[in-house]
Amino acid sequence: MLDRPLGLHERVALRPEPFGALAYHYGTRRLVFLKHPDVVRVVGSLDQHPTVRAALESCGIAEDRWPAFCGALTSLCESEMLHERVDTC
Amino acid sequence: MSASTLVDQMKRGLDAPICLTWELTYACNLECVHCLSSSGRRDPRELTTDEAKAVLDELRALQVFYINIGGGEPMVRRDFFELVEYAIGNDIGVKFSTNGAFIDADKARRLAAMDYLDIQISLDGTDAVTNDAVRGEGSYDLARRAMDHLADAGFGPFKISVVVTRHNVDQLDEFKALADGYGAQLRVTRLRPSGRGAESWHDLHPTNAQQRQIYEWLLAHGEDVLTGDSFFHLNALGESLPGLNMCGAGRVVCLIDPIGDVYACPFVIHDQFKAGSVRDAGGFTAVWRESELFTSLREPESAGACASCGSYDACQGGCMAAKFFTGLPLDGPDPECVSGHGEAALLAVSSAPRPMMDHSKPGRASTSVPGATQLVTLTRK
């Protein structure tokens with residue numbers, strides 16, 4: 001997971017909310033809750049980084065929290081909110 | 001963050017609704033005895049096409065991802081397709097509820113060609129006798145014909161929407177088989193004593209034994225059957241049904257009625273639950289974010305008479321609308337409380353609030369109740 005180049009699916013919109021954000025996939029019509037502002041920041045920054053690891057580092061997420069973030073990102077991949085970018089460097 | 005704290009956050013309200021119902025018109029070709037909005041006649045104050053588009057612009061800015069359009073019969077509006085296409089073109093998905101009367105082969109093809117559109121056809125019996133007793137003569141055939149047209153047009157998985165009553169509860173398996181046969185998705189929701197349902201509820205609502213039957217059937221079918229989270233009062237029977245298990249009124253859901261009034265949910269069309277109007281200064285956004293009513297609905301609720309009941313955490317005291325229109329206090333048991341507390345409380349009720357905004361067609365028996373004359377006058381002003 002840490003070395004993957006992930007990005008937000010182009011048909012997914014993020015809507016900020018007090019608890020984090022709502023992610024809505026216009027294709028699958030699924031709604032997912034991002035339950036922490038830090039998860040929202042990381043998800044929002046994935047596109048600007050070559051790997052998940054780089055996104056976590058740039059968002060200042062402590063390394064002991066990475067497994068939890070990887071879990072959250074994995075489930076977002078499973079619901080197709082995130083996908084592997086092909087335009088990676 | 002655990003699931004329970006997420007629900008706590010949602011109870012404090014979101015920046016915009018997740019699930020917004022918009023009744024486009026009070027006009028309807030049918031006169032269902034349980035109609036939540038007492039629909040029939042068009043209201044002359046109905047939002048114009050331009051006003052409706054301005055509301056859609058606002059919803060887009062608020063990032064409301066999808067809306068549920070209903071009525072009345074929404075397809076009665078001449079600008080129905082124009083509004084649906086405008087919404088979809090602005091990234092607002094549409095699910096609309098219809099009785100199907102206006103879905104012919106042509107319309108079905110037009111609907112099938114649209115992306116990001118869900119259709120929900122109402123059906124309250126798997127045979128004409130059961131269905132038509134509630135929805136009116138001929139309505140079963142209209143609905144089935146619409147389903148056939150959608151299937152022929154290759155629309156894909158539309159939804160069949162059933163209000164569970166005392167008379168169709170034994171047909172749940174047949175409804176599921178019907179939906180499966182069409183490749184459709186079944187949606188079953190709870191009967192509310194709202195609109196014309198205030199009168200018919202007492203004869204139609206499921207018995208206590210049937211409530212357990214519904215609960216077990218829903219548990220067995222899980223997320224395969226949609227419920228609009230409407231049966232959370234049954235969670236007091238044991239394991240929780242899928243869903244958020246909370247009343248979303250004014251917190252994550254609301255209703256915009258045909259004349260632009262904003263209510264806490266589709267089941268409480270009454271002044272006491274009216275937060276404002278999209279025609280007010282500040283529009284829908286100000287109503288959602290600042291209205292006194294919605295602010296108060298987002299404050300922690302009191303368990304009231306239910307505080308000493310061990311099931312309160314499971315059932316949350318049930319449905320606000322069901323309590324209100326049966327004359328029960330809002331901080332007490334639901335009229336269909338599975339422990340029987342609601343039934344006992346109902347015996348002490350001497351009068352219940354009358355639903356407002358009655359647009360029933362003239363000549364209905366329901367308009368002959370005390371107070372109805374005054375209500376009709378009010379809606380005509």
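So how much accessible area does residue B:328 have, in Å² to the nearest 10, using a 1.4 Å probe?
10
Using a 1.4 angstrom probe on the protein heavy atoms only, could you order B:147, B:320 from most to least accessible area?
On the way: B:147 0, B:320 30 Å².
In descending accessible area the options line up as B:320, B:147.
What Kirkwood hydrodynamic radius, in Å, does chain B give when the mean of 1/r is taken over all pairs of distinct Cα atoms and then inverted? List each step's numbers first, then the result.
Working: mean 1/r = 0.0473 Å⁻¹.
Answer for chain B: a Kirkwood hydrodynamic radius of 21.1 Å.
Once amide H atoms are placed 1.01 Å from N in the peptide plane, what residues at a sequence separation of 5 or more from residue B:334, or on another chain, have their amide H within under 5 Å of its amide H?
For residue B:334, whose amide H was placed from the backbone, there are no distant partners under 5 Å.
With 23 Å as the limit, write out which pairs from B:95/B:323; B:107/B:176; B:53/B:95 have Cα-Cα distances beyond it, or answer none.
On the way: B:95/B:323 28 Å; B:107/B:176 26 Å; B:53/B:95 17 Å.
Beyond 23 Å: B:95/B:323; B:107/B:176.
Can you send over the solvent-accessible area of residue B:299, 1.4 Å probe, protein chains only, in Å² to the nearest 10?
Accessible area of residue B:299: about 110 Å².
If N is the number of residues in segment A:6-83, what value comes out of its Cα radius of gyration divided by 2.2 N^0.38 Å? Don't jump to the answer; show the numbers that get you there.
Working: Rg = 11.6 Å, N = 78, 2.2 N^0.38 = 11.5 Å.
Expressed relative to 2.2 N^0.38 Å, the Cα Rg reads 1.01.
Which one, B:97, B:302, B:230, has the greatest fluctuation when you compute a Gaussian network model over chain B with C-alpha springs under 10 angstrom?
So, out of B:97, B:302, B:230, the one fluctuating most is B:302.
Of the candidates B:249, B:113, B:16, which one comes out as most mobile in a Gaussian network treatment of chain B with C-alpha springs shorter than 10 Å?
B:113
Residues of the protein assembly as shown: accessible area per residue at 1.4 Å, in Å²? Don't skip to the end; give the middle numbers.
Values: 19630 Å² over 470 residues.
With the other protein chains kept in place, the protein assembly as shown gives 42 Å² per residue.
Measuring from label point to label point, each 7 Å out along Cα→Cβ, what is the residue B:292 to residue B:137 span in nm?
4.9
Please build a GNM for chain B, connecting alpha carbons under 10 Å apart, and tell me which residue among B:136, B:282, B:243 fluctuates the most.
The residue that fluctuates most here is B:282.
For segment B:292-335, how big is Rg over Rh, using alpha carbon atoms and the Kirkwood form of Rh? Walk me through the intermediate numbers first.
Numbers: Rg = 10.6 Å, Rh = 10.9 Å.
Result for segment B:292-335 is an Rg/Rh of 0.97.
Rg(Cα) of the protein assembly as shown divided by 2.2 N^0.38 Å? Write down the numbers at each step before the final one.
Details: Rg = 22.8 Å, N = 470, 2.2 N^0.38 = 22.8 Å.
With N residues counted in the protein assembly as shown, Rg over 2.2 N^0.38 Å equals 1.00.
What whole-number distance in Å separates the alpha-carbon centres of segment A:37-89 and segment B:297-338?
Result: 42 Å between the Cα centres.
How large is the translational diffusion coefficient of segment B:43-126 in µm² per second when you combine the Kirkwood radius over alpha carbon pairs with Stokes-Einstein at 20 °C and 1.002 mPa s?
On the way: Rh = 13.6 Å.
In µm²/s, the coefficient rounds to 158.
Given H placed on each backbone N at 1.01 Å, which residues far from residue A:59 in sequence or on other chains put an amide H within less than 5 Å of it?
Residues meeting the amide H criterion: none.
So what does residue B:237 come to for accessible area, using a 1.4 Å probe and Å² rounded to 10?
40
The values are calculated or read from the model by the stated rules, or taken from the named source; none is laboratory data. These numbers come from a predicted model, not from an experiment. Heads up, the Cβs are rebuilt from the backbone with ideal geometry, glycines too, and the neighbour counts pull from every protein chain shown. Heads up: the accessible areas ignore ligands, DNA and RNA and are worked out on the full protein's heavy atoms, side chains in. Shrake-Rupley method; radii C 1.70, N 1.55, O 1.52, S 1.80 Å.
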